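The values are calculated or read from the model by the stated rules, or taken from the named source; none is laboratory data. Predicted model, so just to flag it, every value in this text is computed and none were measured. Cβ placement follows ideal geometry from the backbone for every residue including glycine, while neighbour counts extend to all protein chains displayed. For the accessible areas, the whole protein counts, side chains as well, though only heavy atoms, and no ligand, DNA or RNA atoms are used. Shrake-Rupley method; radii C 1.70, N 1.55, O 1.52, S 1.80 Å.
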Amino acid sequence: MLRNLLASKKPSPDDILALQRARLADAVCHARAHSPLFAELYRDLPDTVTDPGLLPITTKPGLMADFDRWTTDRAITRERVEDFLAHPELAGTRFLGKYLVTTTSGTTGRRGLFVLSPDELRAVSGPAYRISTLGLLMPPVRTARLLAKRFRTATIMVSIGHHAMNSLWTQAHGTGSKRHQRFSSMQPLPELVARLNAFDPATLTGTSGVVALLAGEKAAGRLQIAPAIVMISGETLSEEERALITSEFGARVIDMYAANEALRLSTSCAHGWHHVFTDWVIFEPVEEDYSPTPVGRLSHSVLISVLYRRTQPLLRYELGDSVQQRPDPCPCGSPFPAFKVHGRTADVLRDGDGNPVAIAQLLLLALTKRVEGIRQLQLVQSDASTLRLRMLPADGTSLDELWPRARDEFESLLAEHDLSRFAVERADEPPRMSPGGKFRTFVPIDA
C-alpha cells in the first residue's frame, strides 16, 4: 500500500485527456481487429479514433444477443460460459484456465455475462487502488481501531454463485481466514447482526442498501461493531444513506461506484463527490436522445467506454445511471471530474403510462420517520396502480399491530405527493434481497 501511495503522481487534466485518447484509439483498433461484431460496427470509421462521439452506441441487450460475435477470443462462446455458470462451486476459478467470469441479473432483470482476463483485472486494480489509498489517511482514532482489530475485514455479499463480489473475493481469499471473512447478504437480518458482532471487523464492505440497513441496526443498539473504514461497493449511496452511515459508525466512508461492466469506476472524496477514473473510463452523461447533457444538469443516462476491456469491448455502452457533473473543480483537488450519481430508472415510481412520478426511496424514508416500530421496509410496485409494503417489525412489535399505522401514514404521504391513485396493500412476506444479493428499498414492476 505504501509503495503504491508513494508511486502515485497526481496527473493534470491535460495528462488524463491525452492518455484517454491514446487508450481509446488502442481499444477501438483492438475491437475492430478481433471482434466480428465490432468489425461490422466500425467498418466505416477512420483508421484512428480518438473522439468517442464517432462511435455507435451499444447496449447490454444488444451485446448479449450477439454474444459469440462480441467476444474477441473465439474460444469464448455463450454456451460455454453458461455451462461454467451452471456450477456455482466454480465461482472465482478460471474459465478456460484463464478468465474470471461474473454475472448479474441487472437492476431490471436483464442478465449480463462478463469475462475478464488477468491483464484486465490488473488494469482495474492499478490506478483505482493508488487513488483509493490516498483516502485511507485517517485520524489517529481510526488508525487505532484498525490496529486494535488487527485489520479484520468483513465483506457482505451473495456468498454463492458467480456474482462479481463473490467471484473476486473467492479468487483473493479462497474460503476465508481469521482476518478475512464474508457474510451472506441473504441471511436474516438478526442473524447477520449477531455474526458481525462476534467478528468485530475493522473494515466493513457491502452494497449501499445492506450497509444502510446495518447503520439502522447500529442506531437501534443491536449492532455493536465500530469499524474504522466502511466501503460501499456497487451501487452508490444516497445523501441520506451517507449521513446515516457516517454518523452511526463514525468511520471513514469510501463509496466505490462500480458495475460489472466497470468494476472500479470511481471513488468518493471527503466532499461526497465521485471522481471517475477517466484515464481508463470515458464517462458521457447524455439526454434521452443521446445528446450531451450540459455540465451541472441531471442526465437521463450515461455512456461509458471502458478502455481496458479487451475480451468484451465496452465502448459507448449505455450504463443507465442518472448523473450530474460538478461544474467547478472539486475542493478535494482531484484532477478527475466530479459527479453525483442519482440512481437508476428502477429507483423511480412510475404511473400506468411509464412516466416517473416520485423517487420511491424518499417516500419510504419519510414513512420510517413517521411510524415507530419498523425495523426494515421495502416497497413493491406490483402493477401500474398497486403498491405493496413489506415490513420487518422491530422487536416487541407485531406485524398486525404495525400494519394499520403504516398503511394510514403511507396513504397520507401519497396524498401529499398527489399520488392517491395508487392503492396500498399489505405484504405478508418480509423484505427480500434481490437475486444478486442487493437490498433495494423499492422493487419496480419489471424487476
In range of the label at Ala394: residues from segment 188-218 whose backbone nitrogen is under 12 Å from the point 7 Å along Cα→Cβ: 216-218
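To the nearest 0.05, what FRET efficiency results for Lys98 and Ala220 with a Förster distance of 35 Å applied to their C-beta separation?
Values: r = 47 Å, r/R0 = 1.35.
FRET efficiency, Lys98 to Ala220: 0.15.
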According to a simple spin-label model (label point 7 Å from Cα along Cα-to-Cβ), what is the distance in nm between Glu40 and Lys178? 5.8 nm
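At 222 nm, what helix-only mean residue ellipticity would the chain give, in deg cm²/dmol to the nearest 500, using -39500 (n - 2.57) for each DSSP H run of four or more? Don't skip to the end; give the middle numbers.
Numbers: 14 runs with 151 residues, N = 447.
After summing the helix terms and dividing by residue count, I get -10000 deg cm²/dmol.
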Among Ile254, Ser238, Thr153, whose Cα projects farthest towards the positive end of the dipole of the chain, with charges put on the beta-carbon of Lys, Arg (+1) and Asp, Glu (-1)? Thr153
For the chain, size of Cβ-based charge dipole, Lys and Arg +1, Asp and Glu -1, in debye: 2060 debye
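In what sequence, largest accessible area first, do Cys330, Cys29 appear using a 1.4 Å probe?
Numbers: Cys330 15, Cys29 80 Å².
Output order, biggest surface exposure first: Cys29, Cys330.
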Of the residues Pro430, Leu414, Pro404, the Cα lying farthest along the dipole of segment 383-439 towards its positive end, which is defined by charges on the beta carbon of Lys, Arg, Asp and Glu, belongs to Pro430
Could you check the simple spin-label distance between Ser412 and Met186, using points 7 Å along Cα→Cβ, in nm with one decimal? 4.0 nm
Fully extended, how many nm does the chain gain between Ala86 and Gln171 (0.36 nm per residue separation, minus their Cα-Cα distance)? 28.8 nm
Tell me, what is the FRET efficiency for Phe151 and Asp66 to the nearest 0.05, using R0 = 60 angstrom and their Cβ-Cβ distance as r? 0.85
Set of aspartates and glutamates near Lys149 by C-alpha distance (under 12 Å), chain-local residues within fewer than 8 positions excluded: Asp200
To the nearest 20 debye, what is the magnitude of the charge dipole of segment 199-357 about its Cα centre, counting +1 on the Cβ of each Lys and Arg and -1 on the Cβ of each Asp and Glu? 500 debye
Out of Pro285, Val380, Val81, whose Cα points farthest toward the positive end of the dipole of the chain (charges: +1 Lys, Arg; -1 Asp, Glu; placed on Cβ)? Val81
Give me the 1.4 Å probe accessible area per residue for the chain, excluding ligands and nucleic acids, in Å². 44 Å²
Any chance you could get the radius of gyration and Dmax over the Cα atoms of the chain, in Å? 22.3, 69
Rolling a 1.4 angstrom probe over the protein chains, ignoring ligands and nucleic acids, what is the accessible area of Lys218 in square angstrom, nearest 10? 50 Å²
Can you pull out the trypsin sites (Lys or Arg not before Pro) in segment 52-93 whose DSSP state is coil and whose Cβ has at most 14 other Cβ atoms within 10 Å? Arg74
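What percent do you get for the relative contact order of segment 212-283 when only Cα pairs under 8 Å and 6+ apart count? Each step should come with its number before you reach the end.
Numbers: 96 pairs, mean separation 17.8, N = 72.
Across segment 212-283, relative contact order equals 25 percent.
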Describe numerically, in nm with one decimal, the distance between label points set 7 Å from Cα along Cα→Cβ at Lys369 and at Val141. 2.6 nm
Residue span Asp200 to Arg432: 0.36 nm per residue of separation minus Cα-Cα distance leaves a gain in nm of 81.0 nm
How much solvent-accessible surface does Ser247 expose, in Å² to the nearest 10, with a 1.4 Å probe and all protein chains in place? 80 Å²
I need to check one value: relative contact order of segment 156-227, counting alpha carbon pairs closer than 8 Å and at least 6 residues apart, in percent. 32 percent
